[in-house]
Amino acid sequence: MASGADIQRLGRKHMEMLSSMQNISASSGTSVYGKKILKMMGWADGEGLGKEGTGIKESIIVKKKDDEEGVGYKEEQSNKWGECWWFNAYDSAVKKIGSSSTDTDSESDSSVSVSTPKVYSDAELFAACKGRRLGMRARRSQAKD
């Protein structure tokens, strides 16, 4: 048996681990009141709970949550970190659009003509804006020509 001096030498984390372990055999035992209520309803020692008697037979064991993950976190979810639905949202939308465009006739696609946008001069833009001056960001696309 460990003496009090041996326990004092243990580290904080080791002491926390020991305190979180449960010794069911050293528990306070079952509630007489709870057994009495269950026996009034037809339950007997050794049977499971529920109508068919197939429920739990042991007491519920509480586990201390000592990690920093959220409630409901599962280890297998962490392995699938990169498999999020939003990573493939664009790809799936493109596939849907691509499959609907293949249904149309290719002849109708060739009849559609693509026109290039008209490039306005500074005087035309000045007249269209009624004398207001545009910022550098608006003029930048014209200066590239």
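A few points about this structure:
- Likely footprinting exposure, TYR90, TYR120, fewest C-beta neighbours within 10 Å first: TYR90, TYR120
- Cross-link check: pairs LYS36/LYS64; LYS35/LYS57; LYS35/LYS63; LYS36/LYS63 evaluated at a Cα-Cα cut-off of 21 Å; pairs beyond the cut-off: LYS36/LYS64; LYS35/LYS63; LYS36/LYS63.
Readers should treat all values here as calculations from the given coordinates under stated rules, not as data from a laboratory. This structure is a prediction, so every number in the text was calculated from the model and none was measured. Neighbour counts run over all protein chains shown; Cβ positions are idealised from the backbone, glycine included.
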